[in-house]
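Novice: Below you'll find the structure I mean.
The values are calculated or read from the model by the stated rules, or taken from the named source; none is laboratory data. What you see is a predicted model; the values in this text were computed from it and never measured. Here the Cβ positions follow ideal geometry from the backbone for every residue, glycine too, while neighbour counts run over all protein chains shown.
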Amino acid sequence: MTMLVDFLCRFGFGMALGLLLTPARLVPPGFFRVNLLVVMGLATFAALLARGAVPGGVWILPAAAAVVAWIGTVLWLAHRIGAGLSACGLAGGLLAVAVGLIATLVPAGGGGEVVGVGGPVWKVIGHLLSGAIVGLTVHAMLLGHWYLNAPGMRVDALRRMIDVALLAWLPQLICAVVAASGRFGADSLGAAPAVHSATAASLVALRWLAGLIGLPILLWMSRKTLDIPNTQSATGILYVACLAAIVGELAAQLLEASG
């Protein structure tokens, strides 16, 4: 249950971050309002589950984020752009704090597969990067879908969000490479057990093939499709990219939990 709460908080943080980085001058307020409802749903679900699953009163943070997101939808309905963006930032900040508290309060089996180095700070950074990748990729897909409602919207907005998702993927790849090199080095010294489980091997394959190799390829393909331009085809590719991002990050969570 804690893993689900963690994932929901990460996901909501990434979605709020995507809204904060979306150029409001290019995208209609309705998009922000609808996507803040998605953030509100993720935060509400996380708060309900965290009430009995996560110690330390962490549930208050996603609950507060849900309230802020709801207020933000009202602000965007009234076309209060500045206040609406502030609501996006506050909701994302509350969820980011929740992610950090879960990372530090709940021990993991392997100490953090994403970053692979010691210290709670690095573990929190890895979890936030994970949420950013999932949230930004889904956010880009939803933005591409919004072109059906606003066909006259400039493709620059979608192109920018795909670039942001790629920027979030790059440090995640670096951290994963560092984690892999550190783990192999520790194994060679006998400081950590080697992975023999077929299930663990499958999770590692999913982590790398879907989340770290397949995802950037799909994002790049979607980015190149916008050069035609064809927003519908680009959005279709982003659907697959969302699946790759979610599968890759869930595999990382399972590896971390199993050690």
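Novice: Among the residues of segment 217-237, write down those that are part of a helix (DSSP H, G or I), of a type outside the set (S, T, Y) and surrounded by fewer than 18 Cβ atoms within 10 Å (Cβ to Cβ).
Specialist: I217, W220, M221, K224, Q232, G236
Novice: Which of the residues belonging to segment 34-48 are farther than 15 Å from G135 by Cβ and buried (at least 19 other Cβ atoms within 10 Å of the Cβ)?
Specialist: Scanning segment 34-48 gives T44, A47.
Novice: Among what's in segment 148-169 and is farther than 17 Å from S233 by Cβ and not in a helix (DSSP H, G or I), pick the residue that is modelled with the highest pLDDT.
Specialist: R154
Novice: Would you call G135 on the phi < 0 side of the Ramachandran plot, modelled with pLDDT of 90 or more and in a helix (DSSP H, G or I)? Steps first, answer last, please.
Specialist: Details: on the phi < 0 side of the Ramachandran plot: yes; modelled with pLDDT of 90 or more: yes; in a helix (DSSP H, G or I): yes.
Against the criterion (on the phi < 0 side of the Ramachandran plot, modelled with pLDDT of 90 or more and in a helix (DSSP H, G or I)), G135 qualifies.
Novice: Pairs under 6 Å by beta carbon, first residue on the phi < 0 side of the Ramachandran plot and in contact (Cβ under 8 Å) with a residue 40 or more places away in the chain in segment 62-75, partner of a type in the set (V, I, T) and in a helix (DSSP H, G or I), six or more apart or different chains?
Specialist: Final answer for the pair search is A69/V39.
Novice: Let me ask another. Give segment 1-24 a look and list any residue that's out of contact with any Gly (no Cβ under 8 Å at 6 or more places or on another chain) and not hydrophobic (A, V, I, L, M, F, W, C), or say none.
Specialist: Those that are out of contact with any Gly (no Cβ under 8 Å at 6 or more places or on another chain) and not hydrophobic (A, V, I, L, M, F, W, C): T2, D6, T22, P23.
Novice: Within segment 213-259, how many residues turn out to be free of Cβ contacts under 8 Å to residues at least 60 places away in the same chain and among the hydroxyl-bearing types (S, T, Y)?
Specialist: Qualifying residue count for the region: 2.
Novice: Let me ask another. Test G111 against the criterion of being closer than 30 Å to S181 by Cβ and modelled with pLDDT under 95, and give yes or no. Talk me through it step by step, then tell me what you get.
Specialist: Details: closer than 30 Å to S181 by Cβ: yes; modelled with pLDDT under 95: yes.
Yes: the conditions hold for G111.
Novice: Filter segment 25-58 for residues that are touching a Gly at 6+ places or on another chain (Cβ under 8 Å) and among the small types (G, A, S); which is modelled with the highest pLDDT?
Specialist: Going through the qualifying residues, I end up with A43.
Novice: Related question: For segment 238-259, which positions are part of a helix (DSSP H, G or I) and either among the aromatic types (F, W, Y) or surrounded by fewer than 21 Cβ atoms within 10 Å (Cβ to Cβ) (or both)?
Specialist: Going through segment 238-259, the residues part of a helix (DSSP H, G or I) turn out to be 238-258.
Selection gives Y239, V240, C242, L243, I246, V247, L250, L254, A257, S258.
Novice: Now for a separate question. Identify the single condition in (1) over 28 Å from D227 (Cα atoms); (2) among the β-branched types (V, I, T); (3) modelled with pLDDT of 90 or more that T199 does not satisfy, given that it satisfies every other one.
Specialist: The failed condition is (3).
Novice: Can you tell me which residues in segment 212-248 are within 14 Å of the chain's Cα centre (by Cα) and over 19 Å from L142 (Cα atoms)? So that I can check it myself, show each step before the final result.
Specialist: First pass over segment 212-248, keeping only residues within 14 Å of the chain's Cα centre (by Cα): 212, 215, 241-248.
Selection gives L212, G248.
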